[in-house]
Amino acid sequence: MRRATRSSTKTIALDKPIEPSPVDRKIRQANGRTVALEATPELLEAAKKEPIPDLPQRIDELIRENGRLRLEIRYYQQMQEAIEALLTDMKFAIQIMENSILKFNTTQEVAEEDWCRTLGVDRK
């Protein structure tokens, strides 16, 4: 089964787990957990074989998972803010570089014209 994402016309396969990203792997190395790490085929199969917990135990598990998911959301929000700041800075730097190149080209043309005039040579 596939569904279209909101941000584009790309589709996401719903019948396959999400592949862990490099960030997920770093989290695993620190003995952490993410949704992508828990959705590996091995862990999904193991979860099917686990006994069903009683209600208070299940509530406790869900509360912990909810807290972990909130931390994961905070991480992605921080990354989004950092990327947006980087993009703004990069746009500013590009604008400065473009202006510098234009100034250089203008100065170079004037210098070449002066040089050619000094030598009495036609520039073309």
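Structure notes:
- The chain, relative contact order in percent, only Cα pairs under 8 angstrom and at least six apart counted: 12
- Of the whole protein surface, residue 70 contributes about 150 Å² of accessible area at a 1.4 Å probe radius.
- Based on DSSP H segments of at least four residues, each scored -39500 (n - 2.57), the chain has a per-residue ellipticity at 222 nm of -24000 deg cm²/dmol.
- Accessible area per residue, Å², the chain with all protein chains present, probe 1.4 Å: 91
The values are calculated or read from the model by the stated rules, or taken from the named source; none is laboratory data. Note that the structure is a prediction, hence the values are computed from the model and not measured. Surface accessibility is based on the protein's heavy atoms, side chains included, excluding ligands, DNA and RNA. Shrake-Rupley method; radii C 1.70, N 1.55, O 1.52, S 1.80 Å.
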